[in-house]
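**Student:** The structure is given below, and queries will be raised subsequently.
FYI, it's all coordinate maths here, none of it is from the lab. Treat the numbers as computed from the prediction; the structure is a model and nothing was measured. Cβ atoms come from the backbone with ideal geometry, glycine included; neighbour counts cover every protein chain shown.
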Amino acid sequence: MSTPPNHHKPCCTQAIDAWGLAAQEQRAQLYRQAPGSWKSDEHYAVFAGMSELLLAAFEEMRMISAALREDSAALRSHAHGLRVRSQQLFARQASAAEPSWRCPTPTREDVPQAESQLLEMFKGARRPSEQ
């Protein structure tokens, strides 16, 4: 059973860390833009920028969470398939190891009796070297 191809871009910690660093840099830039005046238009613009940054962070985390849930579901499905295949192989191995009714295993008492019957069948037969 082959592994299914990965349909999504893998979420890795490096990408998340890079995104987090970029968000922190944007936040720092917005703070630097904030003027000393508390009720100015520039202050409200910075506040709007911070709100947009927060919304972008929520959206990014939502997308990462959705991708992780999808990957998790795919892995669970694949693991289930592997368990089913494993159980099938174990069942096949167990049935192959069981003695067959078509070819029963002879007992210790049956072997000498079968050998003597074979010897009796070929007692009068000529060997190929005698012909």
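**Student:** For the stretch 65-75, take each phi angle, set θ = phi - 60°, evaluate the Karplus expression 6.51 cos²θ - 1.76 cosθ + 1.60, and give the result in whole Hz per residue in order, putting x for glycine and proline.
**Tutor:** 4, 5, 5, 5, 5, 5, 4, 4, 5, 5, 5
**Student:** Where does the charge balance sit around Q33 when Lys and Arg score +1, Asp and Glu -1, over other residues with C-beta under 14 Å from its C-beta?
**Tutor:** -2
**Student:** Would you kindly derive the ³J(HN,Hα) couplings of the stretch 23-29 from the backbone phi angles with the Karplus curve 6.51 cos²θ - 1.76 cosθ + 1.60 (θ = phi - 60°), listing them in order in whole Hz, with x for Gly and Pro?
**Tutor:** 5, 5, 5, 5, 5, 5, 5
**Student:** Once you list every other residue whose beta carbon is under 12 Å from the beta carbon of L54, what net charge do they have if Lys and Arg are +1 and Asp and Glu are -1?
**Tutor:** Once positives and negatives cancel, what remains is -2.
**Student:** If r is the Cβ-Cβ distance from L54 to L75 and R0 is 35 Å, what FRET efficiency results, to the nearest 0.05?
**Tutor:** With a Förster radius of 35 Å, E is 0.65.
**Student:** Label points 7 Å out from Cα along the Cβ direction at D41 and A67: separation in nm?
**Tutor:** 3.9
**Student:** Another question about this same structure. Residue by residue through the stretch 114-119, what is 3J(HN,Hα) from phi via Karplus (6.51 cos²θ - 1.76 cosθ + 1.60, θ = phi - 60°)? Round to whole Hz and write x for glycine and proline.
**Tutor:** 5, 5, 5, 5, 5, 4
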